[in-house]
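*Asks:* This is the structure, below, for whatever I ask next.
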Amino acid sequence: MGPTASGKTAVAARLAQSLPCEIISVDSAQVYKGMDIGTAKPEAALLEQAPHHLLDIIEPHESYSAARFRDDALALMREITERDRIPLLAGGTMLYFRALTEGLNELPEADPMIRLMIDTMAEEGGWPAVHARLKRVDPETAARLEPTDAQRIQRALEIYLITNQPMSVLLQKPKYVYFPYTPIRISLVPSDREVLHMRIARRFDAMLEAGLVEELRKLREEYALETEMPSMRCVGYRQAWEHLEGRIGLGELREQGVAATRQLAKRQLTWLRAMENVTEFDCLSEDLAEMVLEYVRRELEAQLVGG
């Protein structure tokens, strides 16, 4: 686990090179076909050397969820272990890691008609007005959401309208957890946040140079995409969309994209700090991959000795 630009892919590839591992991607953006540049998807040469599961599994107009990830990952982990290999989960979507190891609360599936109704409310009065309505029925959830956080406001109000119970109440109910594995939890965190920020800026510049805007242009031609779709809320694509619409220039796209990626890294690090039983490595270390490999070897040997 680790924030964006911490080198997770390279470390995972090194582990897969030396250990009987199969990599499962834990990335809510890399599941989308055609979204390669903006999601920093592993390049073809690396995928040939170290194949990844759960890449390119849905179209950009479709949705994916933590619940579906949990089902997919558990099925893959069972298949991998049956091949006498080790599942290696690598990525930065911390919610997916938590859903996999700690389970999920029983929340209702999305209801297209109710979502349409909420979207209509937002079109008529704006998302702050929808947020105000959520505050009346679920003040606890509303208090931790920004009035402009359309995705989360919509989901919280949808849950209330389906169940007639606040999401904050449903989340307190006990979860059923099925995770028949002993995980070795590793996080890659920066000893110097500024250096990570520089990495993020360099990587975003490389994405722009590689054709992020053109990638999105082609996706919009191929699919009936809308800004509120989960795929188009991904960092980079959101800003590229604004640029294609003529609302921001290339310089602003770059500035906003880097800022949004930094915010993403900050949220990822907050998640990591809250996780227990995690061994941290400085992602800025020159010999990072070798250090992690040595640690994993020791942990695996200890598990074998312990039965």
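*Asks:* Of the numbered conditions (1) farther than 30 Å from R14 by Cβ; (2) in a helix (DSSP H, G or I), F69 fails exactly one; give the number of that condition.
*Replies:* Of everything listed in (1) farther than 30 Å from R14 by Cβ; (2) in a helix (DSSP H, G or I), F69 misses just condition (1).
*Asks:* Restricting the search to the stretch 78-110, which residues are more than 19 Å from the chain's Cα centre (by Cα) and more than 22 Å from Q172 (Cβ to Cβ)?
*Replies:* R78, E79, I80, T81, E82, R83, D84, R85, I86
*Asks:* Here's something else I'd like to know. Being touching a helix residue (DSSP H, G or I) at 6+ places or on another chain (Cβ under 8 Å), of a type in the set (S, T, N, Q) and closer than 22 Å to M117 by Cβ narrows it down to one residue among Q239, Q151; which is it? Give the derivation first.
*Replies:* On the way: Q239 fails: closer than 22 Å to M117 by Cβ.
After applying the criteria, what remains is Q151.
*Asks:* Give A260, A240 a once-over and let me know the one that is of a type outside the set (V, I, T) and under 15 Å from the mean Cα position of the chain (by Cα). Spell out how you get there, then give the answer.
*Replies:* On the way: A240 fails: under 15 Å from the mean Cα position of the chain (by Cα).
Unique residue meeting the criteria: A260.
*Asks:* Can you pull out the residues in the stretch 68-82 that are among the aliphatic types (A, V, I, L, M), surrounded by 15 or more Cβ atoms within 10 Å (Cβ to Cβ) and under 19 Å from L95 (Cα atoms)?
*Replies:* Across the stretch 68-82, the qualifying residues are A73, L74, L76, M77.
To keep it simple, each residue is scored yes or no on (1) under 13 Å from I23 (Cβ atoms); (2) at pLDDT 95 or above.
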| site | (1), (2) |
| --- | --- |
| A75 | no, yes |
| E82 | no, yes |
| R85 | yes, yes |
| L89 | yes, yes |
| M94 | no, yes |
| F97 | no, yes |
| E102 | no, no |
| E106 | no, no |
| P112 | no, no |
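*Asks:* Next question, about the same structure. In the stretch 143-202, what residues are over 22 Å from the mean Cα position of the chain (by Cα) and of a type in the set (K, R)?
*Replies:* Matches in the stretch 143-202: K173 only.
*Asks:* Then there's this: Does the stretch 142-154 hold any residues that are closer than 21 Å to Y64 by Cα, out of contact with any Ser or Thr (no Cβ under 9 Å at 6 or more places or on another chain) and modelled with pLDDT under 95, and which are they?
*Replies:* D149, A150, Q151, listed by residue number.
*Asks:* Looking at the stretch 50-94, which of its residues are of a type in the set (A, V, I, L, M, F, W, C) and without any contact (Cβ under 8 Å) to a residue 60 or more places away in the chain? Spell out the reasoning first.
*Replies:* Within the stretch 50-94, the subset of a type in the set (A, V, I, L, M, F, W, C) is 50, 54-55, 57-58, 66-67, 69, 73-77, 80, 86, 88-90, 94.
Listed by number, the residues that qualify are A50, L54, L55, I57, I58, A66, A67, F69, A73, A75, L76, I80.
*Asks:* Also, quick follow-up: Of all residues in the stretch 206-259, count the ones that are among the hydrophobic types (A, V, I, L, M, F, W, C) and closer than 19 Å to E59 by Cα. If you could, list the steps in order and put the result at the bottom.
*Replies:* As a first pass, look at the stretch 206-259 and keep what is among the hydrophobic types (A, V, I, L, M, F, W, C): 206-208, 210, 212-213, 216, 219, 224-225, 229, 232, 234-235, 240-241, 244, 248, 250, 253, 258-259.
Remaining after also requiring closer than 19 Å to E59 by Cα: 212-213, 216, 219, 224-225, 229, 232, 234-235, 240-241.
Looking only at that region, the number is 12.
*Asks:* To continue, here is another question. Quick check: is even one residue across the stretch 83-92 in a helix (DSSP H, G or I) and either surrounded by fewer than 15 Cβ atoms within 10 Å (Cβ to Cβ) or of a type in the set (S, T, Y) (or both)?
*Replies:* The initial filter retains those residues of the stretch 83-92 that are in a helix (DSSP H, G or I), namely none.
No; the residues of the stretch 83-92 include none that is in a helix (DSSP H, G or I) and either surrounded by fewer than 15 Cβ atoms within 10 Å (Cβ to Cβ) or of a type in the set (S, T, Y) (or both).
*Asks:* Moving on. So Y176 ticks every box in (1) surrounded by fewer than 13 Cβ atoms within 10 Å (Cβ to Cβ); (2) in the same structural domain as P128 (by TED's automatic domain parsing); (3) hydroxyl-bearing (S, T, Y) but one. Which box is left unticked?
*Replies:* (2)
*Asks:* Scan the stretch 201-228 for residues that are acidic (D, E), at pLDDT 95 or above and surrounded by fewer than 18 Cβ atoms within 10 Å (Cβ to Cβ) and report the count. Steps first, please.
*Replies:* Of the residues in the stretch 201-228, the ones acidic (D, E) are 205, 209, 214-215, 221-222, 226, 228.
Next, from what is left, pick out any that are at pLDDT 95 or above: 205, 209, 214-215, 221-222.
If we keep only those that are surrounded by fewer than 18 Cβ atoms within 10 Å (Cβ to Cβ) too, we end up with 205, 209, 214, 221-222.
The number of residues fulfilling the criteria is 5.
*Asks:* Name, by its number, the condition in (1) in contact (Cβ under 8 Å) with a residue 40 or more places away in the chain; (2) farther than 28 Å from R297 by Cα; (3) buried (at least 18 other Cβ atoms within 10 Å of the Cβ) that does not hold for V31.
*Replies:* (1)
*Asks:* Quick check: is even one residue across the stretch 2-9 touching a residue at least 40 places away in the same chain (Cβ under 8 Å), touching a helix residue (DSSP H, G or I) at 6+ places or on another chain (Cβ under 8 Å) and basic (K, R)? Quick ask: steps written out before the conclusion?
*Replies:* Applying the first criterion (touching a residue at least 40 places away in the same chain (Cβ under 8 Å)) to the stretch 2-9 yields 2-9.
Narrowing the set further to residues that are touching a helix residue (DSSP H, G or I) at 6+ places or on another chain (Cβ under 8 Å) leaves 2-7, 9.
Filter again for basic (K, R), leaving none.
Checked against the condition, which is being touching a residue at least 40 places away in the same chain (Cβ under 8 Å), touching a helix residue (DSSP H, G or I) at 6+ places or on another chain (Cβ under 8 Å) and basic (K, R), the stretch 2-9 yields no hits at all.
*Asks:* Just to confirm my filter: which helices (runs of 4 or more DSSP H) fall fully inside the stretch 223-307 and include at least 2 residues that are aromatic (F, W, Y) and in contact (Cβ under 8 Å) with a residue 40 or more places away in the chain?
*Replies:* Numbers: elements: 237-244, 250-274, 288-305.
The helices (runs of 4 or more DSSP H) meeting that bar number zero.
*Asks:* Same structure, new question: So, of the residues in the stretch 229-245 that are over 22 Å from T93 (Cα atoms) and touching a Lys or Arg at 6+ places or on another chain (Cβ under 9 Å), which turns out to be surrounded by the fewest Cβ atoms within 10 Å (Cβ to Cβ)? Spell out how you get there, then give the answer.
*Replies:* Residues of the stretch 229-245 over 22 Å from T93 (Cα atoms): 241-245.
Then keep just the ones that are touching a Lys or Arg at 6+ places or on another chain (Cβ under 9 Å); that gives 241, 244.
Details: W241: 22, L244: 15.
Filtering the stretch 229-245 for residues that are over 22 Å from T93 (Cα atoms) and touching a Lys or Arg at 6+ places or on another chain (Cβ under 9 Å), the one surrounded by the fewest Cβ atoms within 10 Å (Cβ to Cβ) comes out as L244.
*Asks:* Follow-up. Could you please let me know if A5 is in a helix (DSSP H, G or I) and either at pLDDT 95 or above or assigned by TED's automatic domain parsing to the domain that holds G211 (or both)?
*Replies:* Values: in a helix (DSSP H, G or I): no; either at pLDDT 95 or above or assigned by TED's automatic domain parsing to the domain that holds G211 (or both): yes.
When the stated conditions are applied, A5 does not pass them.
The values are calculated or read from the model by the stated rules, or taken from the named source; none is laboratory data. None of these values were measured; they are calculated from a predicted model. Note that we place each Cβ from the backbone using ideal geometry, even for glycine, and neighbour counts take in every protein chain shown.
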